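Report on the following structure.
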Amino acid sequence: MSSNGHFNLLARVLHWSMALLILAMLFIGVTMVASVHLRPGLINLHRPLGILILVLALLRLYNRLRHRPPPLPADLPAWQAWAATASHWLLYALMLAMPLIGWAMLSAGGYPIVLWGGVQLPAIVPHTPSLYALLRGAHSLLAYLLFATVLMHVGAALFHAWVRRDGVFQAMARGERH
Ligand code: HEM
């Protein structure tokens with residue numbers, strides 16, 4: 001982006017569609033671990049949606065590196081500007097790490113990584129039970145971190161929208177009005 005103070009259309013479409021996908025994935029993940037009954041159906045959904053998030057995150061990173069985001073308001077306290085930048089890069093890291101760890105975890109466990117029908121991904125690490133246990137723990141831990149970061153992100157966005165009313169929320173919510 002963006003000479004006009006808004007994120008470009010691709011950034012906005014990816015932001016809102018991935019927000020829905022990631023929230024859905026967090027709830028699908030927790031539910032499938034908690035319910036033996038729902039697990040088979042949900043895990044069949046969890047794998048392809050997770051890989052879709054990986055592909056969209058790569059596209060989003062590419063778009064982010066090619067188009068500078070609109071600048072934060074000049075009067076924003078330095079610690080808030082720092083927190084915004086750090087949390088945005090943490091979100092990028094987690095959007096990439098969560099699917100890759102899920103994929104690697106199933107690979108290490110020796111499970112087939114079925115997306116749908118006959119479409120299957122190759123293993124990305126060798127079959128190693130101890131690595132499976134490590135990655136399984138990392139997938140859970142980082143899911144909590146992702147959820148906490150998303151909550152802070154939503155809180156900060158609403159603070160900009162309702163308290164500061166400084167255009168930061170609008171930069172992602174809609175394009176320039178003509
Ligand atoms: C952004 C992407 C992803 C998110 C947000 C996500 C989130 C989660 C969450 C919240 C859990 C439950 C963890 C727990 O309560 O312990 C989970 C479990 C799981 N995830 Fe993911 N996941 C993602 C991608 C993937 C991918 C791409 C795969 C595989 C290709 C995958 C495979 C699994 C498996 C197999 C489990 C269940 C593990 C078990 O019960 O032993 N995940 N995921």
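Only the coordinates and a few stated rules stand behind these numbers; no lab work does. Keep in mind the model is a prediction, meaning the values are calculated, not measured. Neighbour counts are summed over all protein chains in view; Cβ atoms, including those assigned to glycine, are modelled from backbone coordinates with ideal geometry.
Using only Cα atoms and rounding to the nearest 10 degrees, what angle (0 to 90) does helix 129-158 make with the longest principal axis of the chain? Around 20 degrees separate the two axes. The calculated P(r) of the range 1-74, using every Cα pair and 5 Å bins from 0, goes 3, 15, 21, 17, 13, 10, 8, 6, 4, 2, 0 in percent.
Distance from the alpha carbon centroid of the range 80-150 to that of the range 26-52 works out to 14 angstrom. Ordering Gly117, Ser130, His15 by the projection of their Cα atoms onto the charge dipole of the range 1-152, which places +1 on the Cβ of Lys and Arg and -1 on the Cβ of Asp and Glu, puts Gly117 at the extreme positive end. Per residue, the chain reaches -24000 deg cm²/dmol at 222 nm when only DSSP H runs of four or more residues are counted, each adding -39500 (n - 2.57). Once C-alpha pairs closer than 8 Å and six or more residues apart are averaged by separation and normalised to the residue number of the chain, the relative contact order reads 27 percent.
Expressed as cubic angstrom per residue, what is the convex hull volume of the alpha carbon set of the chain?
Cα-based convex hull of the chain, divided per residue, equals 143 Å³.
The listed peptides 93-101, 165-173, ordered by packing as a protection proxy, come out as 93-101, 165-173 (highest mean of other Cβ atoms within 10 Å first). For the chain, the longest principal axis of the alpha carbon atoms and the long axis of helix 78-109 meet at an angle near 20°.
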